[in-house]
1. Can you pull out the residues in region 71-87 that are out of contact with any helix residue (DSSP H, G or I) (no Cβ under 7 Å at 6 or more places or on another chain), more than 16 Å from the ligand (Cβ to nearest atom) and not in a helix (DSSP H, G or I)?
2. Go through region 122-163 and count every residue that is in contact (Cβ under 8 Å) with a residue 40 or more places away in the chain, in a loop (DSSP other than H, G, I, E, B) and not aliphatic (A, V, I, L, M).
3. Could you tell me whether any residue of region 247-264 is surrounded by 18 or more Cβ atoms within 10 Å (Cβ to Cβ), within 16 Å of the ligand (Cβ to nearest atom), within 14 Å of the chain's Cα centre (by Cα) and modelled with pLDDT of 95 or more?
4. Do the conditions hold for Gln294, that is, is it within 16 Å of the ligand (Cβ to nearest atom) and outside any strand (DSSP E or B)?
5. Testing Val321 on (1) buried (at least 19 other Cβ atoms within 10 Å of the Cβ); (2) of a type in the set (A, V, I, L, M, F, W, C); (3) within 16 Å of the ligand (Cβ to nearest atom), one condition comes back false. Which one is that?
6. Has region 346-367 got at least one residue that is among the aromatic types (Phe, Trp, Tyr), within 24 Å of Ile207 (Cα to Cα) and touching a Phe, Trp or Tyr at 6+ places or on another chain (Cβ under 7 Å)?
7. Tell me the residue from Asp272, Asp277 that is in contact with a His (Cβ under 9 Å, 6 or more places away or on another chain), charged (D, E, K, R), surrounded by 24 or more Cβ atoms within 10 Å (Cβ to Cβ) and over 29 Å from Gly171 (Cα atoms), please.
8. Given the conditions (1) within 16 Å of the ligand (Cβ to nearest atom); (2) part of a loop (DSSP other than H, G, I, E, B), and given that Pro47 satisfies all but one, which numbered condition is not satisfied?
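The values are calculated or read from the model by the stated rules, or taken from the named source; none is laboratory data. All values reported here derive from a predicted model rather than from experimental measurement. Neighbour counts run over all protein chains shown; Cβ positions are idealised from the backbone, glycine included.
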Amino acid sequence: MTSDLIRPDRPDRRLSRREVLQAGAGAIVASAGAIVVRPGFSKDEPPRPVVRTVLGPVAPEKLGATLMHEHAPIVDWSELFEQQPAPIAPVREKLIADSARLLDAFHRSLAPEDRPGTIVETTPIRVGRYPQLLVDLARRTKVHVVACTGFWCEALAPQHPWAVRLGVTPGGLEQMAALFVREITQGMEDPAGKWGERFTDIRAGIIKIGCSTYLRPSERVCHIAAALASKQTGCPITTHTTKGGGLEQAELLLRHGAAAERIIIGHQGHQDDRLHDEADDYHRLIARLGCFVQFDRVDHEEYGIEKQARQIVRLLEAGYVKQVLVSHDHAPFYCPEFAAETKRPEDWKALEPDYTTVTTKLVESLAKMSVSKSDLRTILVENPRRVLAF
Ligand SMILES: [Zn+2]
């Protein structure tokens with residue numbers, strides 16, 4: 001499949017899929033004129049593998065315990081409803097200060113050898129992901145922040161119109177993959193501009209995609225683009241599922257070339273096979289493919305701590321300790337009036353989430369079920385470090 005992009009040095013020749021992926025830059029806007037072809041990562045890259053935080057590359061052994069699916073400081077679905085996002089500037093200091101305070105509590109909950117602690121910030125493109133805000137937060141808190149590229153799904157709101165457009169445009173799939181590659185290798189898009197108009201030099205360190213209970217067409221496009229981008233860069237993929245879809249996600253990503261050990265199937269822990277509240281067989285099927293099974297809604301309604309611990313223990317009993325990850329899926333602030341035409345600074349709702357539940361209550365619960373200290377460390381420290389480094 002070729003794209004609509006023209007090689008700058010050979011205007012008579014269209015770019016191949018591989019060239020589009022390598023180009024990254026400029027491949028995002030179909031009408032882009034000058035395309036800078038920069039294969040892969042820049043020359044000033046440190047020795048790989050490293051973890052790409054918003055403040056720069058970090059050695060994997062420096063992460064400490066890692067919460068693999070969180071949001072901070074904000075989530076805002078406005079653009080999914082083709083509305084203006086809620087204003088940030090008037091409340092910026094509060095968003096950052098409160099989020100830093102909540103994340104520092106996570107840092108303090110850790111034993112010295114598991115510090116400083118890291119969060120994977122899984123707010124994808126144009127749903128409240130402001131790269132500079134993430135940098136400012138990372139400078140204020142003691143924990144590392146890893147940001148994501150990728151588009152969210154249409155489970156709870158419409159698919160982002162940018163993703164919809166790419167999904168139905170010839171060459172759009174390749175452009176989406178190139179967008180993800182660019183955000184990983186050079187820097188994330190700046191939502192202050194129009195779609196794909198401006199970019200920062202703040203890099204994403206993971207690809208986030210999602211599915212409804214059954215995978216929908218727009219979601220399939222995002223999955224295939226994620227697989228292509230992961231295949232090229234080695235970047236891990238983390239997913240949202242909606243009470244179902246995890247196994248289909250894994251199979252689709254594998255079919256398009258993503259490596260199993262780079263795939264994290266998320267939001268596990270309740271009705272993941274669409275049938276059973278605790279879908280242990282299903283988790284084992286995902287793990288048998290070589291992918292990670294992530295229990296990342298610990299203590300949410302329907303995702304009680306003991307219930308999550310039980311399902312984790314059954315995966316450990318089956319021998320899959322190296323494929324389990326955990327988190328809360330918390331957000332300090334969100335804008336509940338996302339579909340409204342106008343939004344005021346006071347529309348931001350503070351949720352005051354507790355980022356220490358995993359490292360305190362879940363750990364206690366697992367220890368009571370005889371999970372060893374060494375297995376706990378594998379889940380909280382070693383597995384994240386392995387999957388996030390590329
Ligand atoms: Zn989430």
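1. Gln83
2. Adding up the residues that qualify gives 16.
3. Yes, the conditions are met somewhere in region 247-264.
4. Taking the combined requirement at face value, the residue does not satisfy it.
5. Val321 satisfies all of (1) buried (at least 19 other Cβ atoms within 10 Å of the Cβ); (2) of a type in the set (A, V, I, L, M, F, W, C); (3) within 16 Å of the ligand (Cβ to nearest atom) except (3).
6. Within region 346-367, one or more residues are among the aromatic types (Phe, Trp, Tyr), within 24 Å of Ile207 (Cα to Cα) and touching a Phe, Trp or Tyr at 6+ places or on another chain (Cβ under 7 Å).
7. Working: Asp277 fails: surrounded by 24 or more Cβ atoms within 10 Å (Cβ to Cβ).
Residue meeting the stated conditions: Asp272.
8. (1)
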